[in-house]
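S.K.: Right, I'll just put the structure down here and ask away after.
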Amino acid sequence: MKIYKLNDVQETTNTYDFIDLLIDNELHLEGKMLNLSNAYEKLILTPLALQKLIEELFHKLDMPINFSRIGDNNTRYDAKLSIENGRFEGIIEVEVPSTAMLDAPRNLLDDIAVVSNRNNMDLDKIIPIVICWTFPNNRTDYWNVVNDINKVLNIKIRTIPIMALAVFYWTNNKLNLEGESFYVDVDNNSLMEIIELISNKNINLSNFEGFFAPFK
């Protein structure tokens with residue numbers, strides 16, 4: 001895999017300047033994607049960098065997001081997202097790395113119950129979301145749990161890799177969370193919409209295994 005490096009990524013005066021450079025730069029699409037992929041270690045080693053990246057991407061996509069304050073016992077979720085000018089509310093659990101994702105669906109059920117009761121919101125106005133770096137592999141129970149929750153409770157948990165958020169921004173595409181584009185489970189765990197989008201731009205998908213479908 002060819003590694004793209006921006007001259008200023010590691011020599012900045014502000015701790016989070018490198019995040020702005022990851023999001024907005026002059027690289028072509030595949031270069032942008034490789035640059036973000038290769039920034040993983042720096043992102044997880046820099047305190048709150050992943051949060052900052054997710055915040056910036058959602059704001060770029062015109063979706064205001066608020067992360068919970070550390071120590072605030074009134075909120076169980078990691079972040080709350082305003083969708084369609086507040087018509088829907090996204091409840092987010094951030095799980096990086098993907099090996100930690102198994103508890104996320106169950107946590108979201110607790111989050112939904114709390115938000116619905118405290119804010120007197122209809123369940124169909126709450127969109128549960130798991131934000132991850134890559135998809136968990138096919139052998140994990142995550143996919144089965146998501147499927148079971150949908151079948152039993154009719155709640156569709158969306159699973160969104162950070163790379164997908166970035167690609168939607170870079171390609172000037174609207175992020176639609178009300179539909180089922182990001183609902184993936186044991187029967188269908190590939191983001192075909194985004195796979196087709198980047199395939200049409202001649203992106204080498206083998207460089208991005210795990211980002212839009214589980215590792216083979």
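Since every read-out is calculated from the coordinates, none of them should be taken as a lab result. A quick note: this is a predicted structure, and the numbers were derived from the prediction, not measured. Cβ sites come from the backbone with ideal geometry, for glycine too, and all protein chains shown count toward neighbours.
S.K.: Among the helices of the chain (complete DSSP H runs), which have Cα atoms covering no less than 15 Å along the helix axis and a Kyte-Doolittle mean of at least -1.0?
M.R.: Span-like helices in the chain: 49-60, 104-119, 142-153.
S.K.: Further question on the same structure: In Å, what is the Rg of the alpha-carbon atoms in segment 53-207, and how long is Dmax?
M.R.: Here Rg and the maximum Cα pair distance are 15.2, 47 Å.
S.K.: Calculate for the chain the 222 nm mean residue ellipticity that helices alone would give, adding -39,500 (n - 2.57) per DSSP H run of length 4 or more and normalising by residue count, nearest 500 deg cm²/dmol.
M.R.: Helices in the chain give a 222 nm mean residue ellipticity of -10500 deg cm²/dmol.
S.K.: Here's a follow-up. Provide the net charge surrounding Leu53, with neighbours chosen by a C-beta distance below 15 Å and charges set as Lys +1, Arg +1, Asp -1, Glu -1.
M.R.: Computed value for this residue: -4.
S.K.: Now for a different question. How big is segment 151-216 along each principal axis, measuring the range of its Cα positions in Å and listing the largest first?
M.R.: Computed over segment 151-216, the largest-to-smallest principal extents equal 40, 29, 18 Å.
S.K.: Just order 168-176, 119-127 by mean Cβ neighbour count inside 10 Å, highest at the front, would you?
M.R.: The most tightly packed comes first, giving 168-176, 119-127.
S.K.: For Ser82 paired with Arg139, estimate the spin-label separation in nm (one decimal), with each label point 7 Å from Cα along the Cα-to-Cβ line.
M.R.: 4.5 nm
S.K.: Using 0.36 nm times the number of residues separating Asp124 and Thr171, minus their current alpha carbon distance, what extension gain do you get?
M.R.: Working: separation 47, 0.36 × 47 = 16.92 nm, distance 2.92 nm.
Between Asp124 and Thr171, full extension yields an extra 14.0 nm.
S.K.: Taking the Cα centre as origin and putting +1 on Lys and Arg beta-carbons and -1 on Asp and Glu beta-carbons, what dipole magnitude results for the chain, to the nearest 20 debye?
M.R.: My answer is approximately 140 debye.
S.K.: Something else now. If packing is taken as the average count of other Cβ atoms within 10 Å, what order do 138-147, 26-35 fall into, highest mean first?
M.R.: 138-147, 26-35
S.K.: Still on this model: Among rounded, prolate and oblate, which fits segment 77-116 when a ≥ b ≥ c are the square roots of the eigenvalues of its C-alpha gyration tensor, a/c under 1.5 means rounded, and a/b larger than b/c means prolate?
M.R.: Oblate.
S.K.: Need the full-extension length gain, Val152 to Asn66, defined as separation in residues times 0.36 nm minus the C-alpha distance. One decimal, nm.
M.R.: Between Val152 and Asn66, full extension yields 28.0 nm more.
S.K.: In nm, give the distance between the simple-model label positions of Val114 and Asn207, each being 7 Å from the Cα along the Cα-to-Cβ direction.
M.R.: 4.1 nm
S.K.: Another question, if that's okay. At what distance in nm do the modelled label points of Leu102 and Phe215 sit from each other, each positioned 7 Å from its Cα along Cα→Cβ?
M.R.: Computed distance between label sites Leu102 and Phe215 equals 1.7 nm.
S.K.: How big, on average over all directions, is the shadow cast by the Cα convex hull of segment 45-139, in nm²?
M.R.: Quarter of the Cα hull surface area: 6.9 nm².
S.K.: Something else: Quick one: of Lys125/Lys201; Lys32/Lys216; Lys60/Lys125; Lys151/Lys201, which pairs are farther than 31 Å apart, Cα to Cα?
M.R.: Over 31 Å apart, Cα to Cα: Lys125/Lys201; Lys151/Lys201.
S.K.: Looking only at the chain, where both bridge partners belong to it, what percent of the DSSP beta bridges are antiparallel (to the nearest 5)?
M.R.: Looking only at bridges with both residues in the chain, the antiparallel portion is about 50 percent.
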